[in-house]
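Okay, structure first, notes after.
The values are calculated or read from the model by the stated rules, or taken from the named source; none is laboratory data. Computed from a prediction, not measured in an experiment: that's the story for all the values here. As a convention, Cβ positions derive from the backbone with ideal geometry for all residues, glycine included, and neighbour counts pool all protein chains shown. For accessibility, only protein heavy atoms count, side chains too; no ligands or nucleic acids. Shrake-Rupley method; radii C 1.70, N 1.55, O 1.52, S 1.80 Å.
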Amino acid sequence: NFSRVTEFVLLGLSDTRQLQVLFFAAFFLAYAMVLLGNLLIIVTVRTDPKLSSPVYFLLCNLSFIDICCTSVTSPRMLADLLSQRKAIAFQECIAQLFFLHFVGASEMFLLTVMAYDRYTAICKPLHYTVIMSRPACWLLVSACWAGGFLHSVVQALLTAQLPFCGPNEIDNYFCDVPAVIRLACTDIYVTEWLMASNSGLISLACFLVLVASYAFILVTVRGRLTEGHWKALSTCASHVMVVTLFFVPCILIYLRPFSTSPSDKHICVIYTVLSPVMNPLIYTLRNNEVKASMWRLWKRCRV
């Protein structure tokens with residue numbers, strides 16, 4: 001593509017050494033919490049037969065995606081915080097961009113499927129086991145991964161075909177579409193609108209579907225809340241918290257022209273670091289069944 005740039009320099013979150021050390025400690029702790037918390041959820045769901053319902057199958061897949069999502073950016077960010085020169089090769093930058101959008105879009109689709117699961121459980125309880133059967137769950141999860149792959153291929157190809165002549169400094173701590181294509185030495189008007197319509201509209205569409213599903217749930221259970229409805233609504237409440245943390249920053253970043261917008265690296269921290277940290281906390285601390293299962297797992301491990 002006639003690029004003369006063979007590597008990019010990541011400027012990171014700060015160039016102050018004291019802040020870099022502080023960020024390293026905070027993000028290392030966050031990354032450890034993501035790995036341990038989500039691995040604990042996966043092991044708990046996989047080893048406890050009582051957690052065999054579709055909602056826990058989807059939760060297990062969400063935990064796996066969270067591990068993948070944060071592992072795309074966090075190890076590189078932690079290493080760069082201790083390095084003097086934060087350079088990343090052009091090919092590695094495109095690969096990081098590809099995998100970030102792959103798992104990020106897959107998580108968006110999976111969160112939408114989880115909202116559909118809650119809608120089915122509350123609004124169509126008699127047909128729930130038929131609609132959300134195990135084959136149907138596998139099909140939905142596979143569709144989420146396939147949709148994420150197709151989305152990321154488009155983003156990576158549109159970025160890789162741009163010419164980069166310099167400068168090569170990315171005002172972020174990882175390679176993402178808005179920060180990278182700003183450095184292209186060509187007119188990116190069409191490309192950025194294609195990318196915004198891809199990432200931005202996917203984020204907005206999934207978010208609107210989620211909001212609509214919660215609205216249907218509230219209308220359905222209005223005035224006839226049973227114990228089962230309260231339990232399902234509690235799950236929905238935690239789901240809303242995850243959705244808000246994940247979707248709102250993505251909509252703010254991707255649903256607008258990239259070349260005219262300022263750097264969003266501090267907003268990126270929300271969905272690359274904070275959201276994966278909150279998922280295991282929200283889904284365990286607000287779920288008595290998961291907490292009870294973890295306690296049984298702990299007692300079995302001690303024996």
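Residues that are assigned to a loop (DSSP other than H, G, I, E, B) and aliphatic (A, V, I, L, M) within the stretch 1-10 comprise just one, Val5.
Which one is farthest from Leu204 (Cα to Cα) among residues in the stretch 100-144 that are part of a helix (DSSP H, G or I) and in contact with a Pro (Cβ under 6 Å, 6 or more places away or on another chain)? My answer is Cys137.
Going by the structure shown, is Gly147 assigned to a helix (DSSP H, G or I), at pLDDT 85 or above, of a type outside the set (D, E, K, R) and under 19 Å from the mean Cα position of the chain (by Cα)? Taking the combined requirement at face value, the residue satisfies it. Filtered by the rule that a residue be acidic (Asp, Glu), within 30 Å of Leu22 (Cβ to Cβ) and either out of contact with any Pro (no Cβ under 8 Å at 6 or more places or on another chain) or surrounded by fewer than 19 Cβ atoms within 10 Å (Cβ to Cβ) (or both), the stretch 41-99 gives Asp80, Glu92.
Among the residues making up the stretch 126-147, those that are open to solvent by 60 Å² or more (accessible area, probe 1.4 Å) and farther than 25 Å from Leu208 by Cβ are Leu126, Thr129, Val130, Arg134, Pro135, Trp138.
Listed here are the residues, each with its yes/no results for (1) modelled with pLDDT under 80; (2) assigned to a helix (DSSP H, G or I); (3) surrounded by fewer than 18 Cβ atoms within 10 Å (Cβ to Cβ).
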| position | (1), (2), (3) |
| --- | --- |
| Gly166 | yes, no, yes |
| Pro178 | no, yes, no |
| Thr191 | no, yes, no |
| Ile202 | no, yes, no |
| Leu208 | no, yes, yes |
| Ala212 | no, yes, yes |
| Arg224 | yes, no, yes |
| Val240 | yes, yes, yes |
| Val248 | no, yes, yes |
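Restricting the stretch 11-40 to residues that are open to solvent by 40 Å² or more (accessible area, probe 1.4 Å) and not in a helix (DSSP H, G or I) leaves a set whose member that is modelled with the lowest pLDDT is Asp15. If you check Leu150 against the conditions, is it over 24 Å from Tyr271 (Cβ atoms) and open to solvent by 40 Å² or more (accessible area, probe 1.4 Å)? Answer is no for this residue. Note on the stretch 74-106: among residues that are modelled with pLDDT of 90 or more and of a type in the set (Ser, Thr, Tyr), the one that is farthest from Ser293 (Cα to Cα) is Ser74. Right, Leu285: open to solvent by less than 40 Å² (accessible area, probe 1.4 Å) and either closer than 18 Å to Ser53 by Cα or modelled with pLDDT under 75 (or both) or not? Taking the combined requirement at face value, the residue does not satisfy it. Consider Ile94 carefully, then state whether it is touching a Leu at 6+ places or on another chain (Cβ under 8 Å), assigned to a helix (DSSP H, G or I) and under 22 Å from His151 (Cα atoms). When the stated conditions are applied, Ile94 does not pass them. Would you point out the residue of the stretch 261-282, among those that are touching a helix residue (DSSP H, G or I) at 6+ places or on another chain (Cβ under 9 Å) and open to solvent by 60 Å² or more (accessible area, probe 1.4 Å), that is modelled with the lowest pLDDT? The selected residue is Leu281.
For the stretch 102-127, filtered to residues that are aromatic (Phe, Trp, Tyr) and in contact (Cβ under 8 Å) with a residue 60 or more places away in the chain, the residue that is nearest to Val154 (Cα to Cα) is Phe109. When the residues of the stretch 180-189 are filtered to those that are part of a loop (DSSP other than H, G, I, E, B) and open to solvent by less than 40 Å² (accessible area, probe 1.4 Å), the one that is modelled with the lowest pLDDT is Ile188.
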